[in-house]
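To start, the structure under review is shown below, and the notes come after it.
The values are calculated or read from the model by the stated rules, or taken from the named source; none is laboratory data. Just so it is clear, the structure is predicted and the values come from calculations on it, not from any experiment. Backbone-built Cβ (ideal geometry, glycine too); neighbour counts: all protein chains shown. Ligands, DNA and RNA are excluded from the accessible area calculation, which covers all protein heavy atoms including side chains. Shrake-Rupley method; radii C 1.70, N 1.55, O 1.52, S 1.80 Å.
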Amino acid sequence: MLEQVNSPIDLRKLNPSDLPTICKEIREFIIGSLANNPGHLGSSLGTVELATALHYVFKTPDDKLIWDVGHQAYAHKILTGRKKRFHTIRTYKGISGFPKMSESEYDAFGTGHSSTSISAALGMAVASSLQGNTKRQHIAVIGDGSMTAGMAFEALNHAGVANANILVILNDNGIAIDKNVGALSNYLTEITTSPAYNRLKNRVWNLLGGNTNRYQTHKNFVKKVLYATKSTLLNRSNLFESLNFRYFGPINGHDVENLVQVLTDLKKISGPKLLHIITKKGKGLEKAEENPVKYHAPGLFNPDTGEIIHPEKEKNVPPKFQDVFGHTLIELAEKNKQIVGITPAMPSGCSLNLMMGKMPERAFDVGIAEQHAVTFAAGLAAQGMIPFCNIYSSFMQRAYDQVIHDVALQKLPVVFCLDRGGLVGEDGTTHQGVFDLAFFRPIPNLTICSPLNEEELRNMMYTSQLEGAGTYVIRYPRGRGNMIHWKTHFKKLESGKGRQIRNGKDIAILSLGYIGNMALQASDILSALGIEIAVYDMRFLKPLDTELLHEVFNTYKKIITLEDGVLKGGLGDAVLEFMNENRYNIHVKTLGIPDRFIEHGCLNDLYRECEIDVDTIIRTVKAMSAHNA
């Protein structure tokens, strides 16, 4: 049946009784596709019925549908004309793993991060009202823990008094990437598990005809009874109703025919509404249902059994940088009782879960709340603690004000560990960690550094927690490093000091961070061709090692800077500023991320596209060597 459905228009031609079959086939399609082309599995399996019901009931794309978080929208993509290209999802030049306005008219808003849907939907609803369109519907599907972010509550607060035509669907699956945390999660659990409330609600609901037009006839009575029941049985007012939202639910998010009936009824109710649905992350794949954290994005797996296919384990492989961070933090915390760890909802991703297992009272998952994570860290630091605040590079963009106002301005000893710095690959434009170096460099009172390898990461972490270190930013990449024996003894680094790691003549490469390994590979190849180049690991972007730069500029006539951050404002610009201020007349070529957003794809393709790969470095060196100017 799915073969005949290539758009929501095709879907709406079916009978409601056909929808369970469509959902079954969509789920099988997702499992079969992602088994061989890894992506976000669990979240999208949990929203198959919801996506189907939404496109069946609402007149998309005229009605605006926003998915938040975006990785729960795979069924939506399949139903909106991208089924034939779905096998290319997250691959180079293929379709995005997230909703993207430029990709489809059905993607009403781009949602690669989280917690933006209610604000965007409210803006669209107000715009429709101002334009005289009172019939258009505006739906925000918020799930996978994204309701824990402050921005979602800011939007709810505004929407409750805006009287706009907006429907918020709270997809409550009890888990984000890791298990949901916080008081809101407990509150939703209280709503969904109150036996007395659910028994009485269902009795009244069924007595008055359930989700039929009969309900509309008696809606005022139903509203009074159900609202009073919730308040009485829970012994507290409903949070969403307190914000002037009409609250409906909780209902089963996997009963597609019932979802269609409920959504059809809600279309007829104006103003802000919230539908609370209960879903199972990983629905339809037993292994994913049993272990939703592991199957959030499991990589290759057997579509029949769900067993994850592990590549042949190589002996003596380097660890992932995130694991080096996790183990090193425990080592440091065992010696320094002031150290605590913080992450906004990514304990497994950044390996803070290791500290949570060993020192649970000193490791904090604050939910999807980057701004709070930073100011929470500032409060801890103000009371003598040393917080290691681990936030993915692209997520740190959301807490820029807090870094400036709450940490740097007050010179507080917070250590920001930016995981996923540089290009990250398949997650694409919304997750490439390429802006961090440039947006942090102008901020006073920050020390900014990036390790070439695991040993340097450990030493930077060690140095950052020593007395008087101040505010530190340590930025490192996703994936594995290059050191097999990485558990080295700690060594204090001198702040703002780089080092020469390869001697040469005529041309020098100044690199920052893990991308410097590209320079070393290029140096080895060029050496075999008789071209000797010097390679310098700058280590610190701020303070910049001006003493080392004077040495380099007085020794070499041609210089290349290499970074996996944006060129504008990064290392290359810092070196050019130094050259200009000191009136050197040297040929400098800057290599880094160009002034555009970088799409998704495997890292090798992206490095090549951005011209920071080994081949580009070699070509640049050869061209500069042949140039006599």
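Quick notes
- Within straight-line cross-link reach of LYS64, aspartates and glutamates at Cα separation under 12 Å, skipping those fewer than 8 residues along the same chain: GLU105, ASP107
- Accessible-area composition of the chain, carbon plus sulfur, in percent [1.4 Å probe]: 51
- Over all projection directions, the Cα-based convex hull of the chain averages an area of 30.9 nm².
- Greater than 21 Å apart at Cα, pairs in LYS358/LYS492; LYS505/LYS557; LYS335/LYS358; LYS487/LYS542; LYS93/LYS589; LYS13/LYS281: LYS358/LYS492; LYS487/LYS542; LYS93/LYS589; LYS13/LYS281
- Built amide H within the under 5 Å cut-off of ALA469, gap 5+: none
- Highest average packing first - 507-518, 545-556, Cβ atoms within 10 Å: 507-518, 545-556
- Within straight-line reach of LYS287, meaning a Cα separation under 13 Å, sit the following aspartates and glutamates at least 8 residues removed in sequence or on another chain: ASP304, GLU307.
- Going by accessible surface with a 1.4 Å probe and the largest first, VAL366, VAL161, VAL168 read VAL161, VAL366, VAL168.
- In order along the stretch 70-75, the phi-based Karplus estimate (6.51 cos²θ - 1.76 cosθ + 1.60, θ = phi - 60°) of 3J(HN,Hα) comes to x, 7, 9, 10, 5, 4 Hz; Gly and Pro are listed as x.
- With both residues required to sit in the chain, DSSP beta bridges show an antiparallel share near 15%.
- Overall size of the stretch 309-368 from C-alpha positions, given as principal axis extents largest first: 40, 29, 16 Å.
- Relative contact order (%) - the chain, alpha-carbon pairs under 8 angstrom, separation at least six: 11
- Neighbour net charge for SER128 - beta-carbon separation under 14 angstrom, K R +1, D E -1: +2
- For HIS587, net neighbour charge (Lys/Arg +1, Asp/Glu -1) across residues whose Cβ lies under 11 Å away: +2
- Calculated log₁₀ intensity ratio I(q)/I(0) where the Debye formula runs over C-alpha points of the stretch 576-629, q = 0.15, 0.16, 0.17, 0.21 Å⁻¹: -0.59, -0.65, -0.71, -0.88
- Å² per residue, accessible surface of the stretch 492-629 at 1.4 Å: 46
- Cut-off under 5 Å, modelled amide H: who pairs with PHE364 long-range: GLY341, ILE342, THR343
- Per-residue ellipticity at 222 nm computed for the chain from its helices equals -11500 deg cm²/dmol, with DSSP H segments shorter than 4 residues left out and the rest contributing -39,500 (n - 2.57).
- Entry comment: accessible area of the stretch 361-467 is 31 Å² per residue, from protein heavy atoms only and a probe of 1.4 Å.
- Listed peptides 52-59, 431-438, 334-341 appear in the order 431-438, 52-59, 334-341 once ranked by packing, highest mean of other Cβ atoms within 10 Å at the front.
- Label point distance in nm, LEU14-LEU529, each placed 7 Å from Cα along Cα→Cβ: 5.7
- Computed over protein heavy atoms with a 1.4 Å probe, the accessible surface of the stretch 1-42 works out to 46 Å² per residue.
- Rg/Rg_ref, the stretch 440-539, where Rg_ref = 2.2 N^0.38 Å and atoms are Cα: 1.18
- Taking one quarter of the surface of the C-alpha convex hull of the stretch 1-104 gives a mean projected area of 6.0 nm².
- Distances between placed amide hydrogens fall under 5 Å for LYS542 paired with ILE448, all partners being 5 or more residues away or on another chain.
- A quarter of the convex hull surface defined by the alpha-carbon atoms of the stretch 281-400 gives 9.4 nm² as the mean projection.
- Among residues other than LYS59 with Cβ under 15 Å from its Cβ, the summed charge is +3 (Lys and Arg +1, Asp and Glu -1).
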